[in-house]
Amino acid sequence: MAKFDKIAVIGKIGDTGMVPVFYNSDLQTCKDVVKACYDGGVRAFEFTNRGDFAHEVFGELVKWAAKECPELALGVGSVVDPATAALYIQLGACFVVGPLFNPDIAPICNRRLVPYCPGCGTASEMGKAQELGCDITKLFPGDVYGPNMVKGILAPMPWTKIMVTGGVSPDAENLQKWFASGVFCVGMGSKLFPKEKVAAKDWAYVSNKCRECLDIIAAARR
């Protein structure tokens with residue numbers, strides 16, 4: 001069962017404006033990355049369903065995070081079908097993210113008050129997702145569409161909460177462009193966790209980079 005309900009999770013995502021995105025087959029590495037992000041101010045984290053037995057890693061990560069990162073909403077990404085969504089919800093996922101929009105996933109999440117953030121590429125897809133209860137829709141891949149796409153959608157649909165993933169980097173210029181366009185939040189993966197930093201277990205770098213990004217986002221919103 002999810003530790004936080006839909007309203008609480010959306011609040012955490014909205015308050016910080018950033019959701020780190022990460023996967024590793026090694027449980028300890030995942031714990032270290034999550035803790036580094038948490039220490040840096042992150043309160044919503046997306047574990048991506050990318051490798052074999054990823055759900056087993058996630059299940060252990062959820063139990064660990066409940067004690068070590070008590071205010072963290074831990075969700076799952078790269079979900080493309082309802083069975084996978086149900087599996088991760090049973091393991092405690094607080095939100096579900098997908099690279100695409102599958103209408104059959106929405107009822108699975110809605111029944112348990114778990115936010116479903118589907119990947120959308122058009123205003124029509126976002127509108128249909130909203131009809132099915134998706135409060136946050138993900139513009140993916142962000143670098144293909146760009147900030148002007150966000151502005152274009154928000155003009156006739158100003159109530160839309162857009163998460164951008166893909167093409168987001170942890171630097172002031174990039175983040176300022178996205179938030180100036182009106183995004184609700186951004187998802188950030190490999191550029192937030194350089195392979196060499198993970199290999200070197202430089203968790204202080206990750207914590208500091210998260211703090212820096214959150215400060216940039218807060219300033220951009222003002």
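The values are calculated or read from the model by the stated rules, or taken from the named source; none is laboratory data. Everything numeric in this text was worked out from a predicted model, so none of it was measured. Reconstructed Cβ throughout: ideal geometry from the backbone, glycine too, with neighbour counts over all protein chains shown. Heavy atoms of the whole protein, side chains included, go into the accessibility calculation; ligands, DNA and RNA do not. Shrake-Rupley method; radii C 1.70, N 1.55, O 1.52, S 1.80 Å.
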Check: Counting just the residues of region 3-23 that are of a type in the set (Gly, Ala, Ser) and in contact with a strand residue (DSSP E or B) (Cβ under 8 Å, 6 or more places away or on another chain), which one comes out nearest to Pro170 (Cα to Cα)?
Finding: Gly17
Check: Using beta carbons and a limit of 6 Å, which pairs, at least six apart or on different chains, have the first residue in region 69-91 and closer than 12 Å to Ile105 by Cβ and the second one part of a strand (DSSP E or B) and aromatic (Phe, Trp, Tyr)?
Finding: Val76/Phe47
Notebook entry, point to check: Of all residues in region 170-222, which are assigned to a helix (DSSP H, G or I) and of a type in the set (Phe, Trp, Tyr)?
Noted result: Trp178, Phe179, Trp203, Tyr205
Margin query: Which of the helices (runs of 4 or more DSSP H) found entirely inside region 71-159 contain at least 3 residues meeting this: closer than 20 Å to Phe184 by Cα?
Written below: 123-131, 142-145, 147-154
Next item on the list: Those residues that are touching a Leu at 6+ places or on another chain (Cβ under 7 Å), under 15 Å from Val96 (Cβ atoms) and either β-branched (Val, Ile, Thr) or surrounded by 19 or more Cβ atoms within 10 Å (Cβ to Cβ) (or both), I need them from region 1-32; list them, please.
Entry: Lys6
Note to self: Looking only at region 147-199, count every residue that is more than 18 Å from the chain's Cα centre (by Cα), open to solvent by 20 Å² or more (accessible area, probe 1.4 Å) and hydroxyl-bearing (Ser, Thr, Tyr) and tell me the total.
What the structure shows: 0
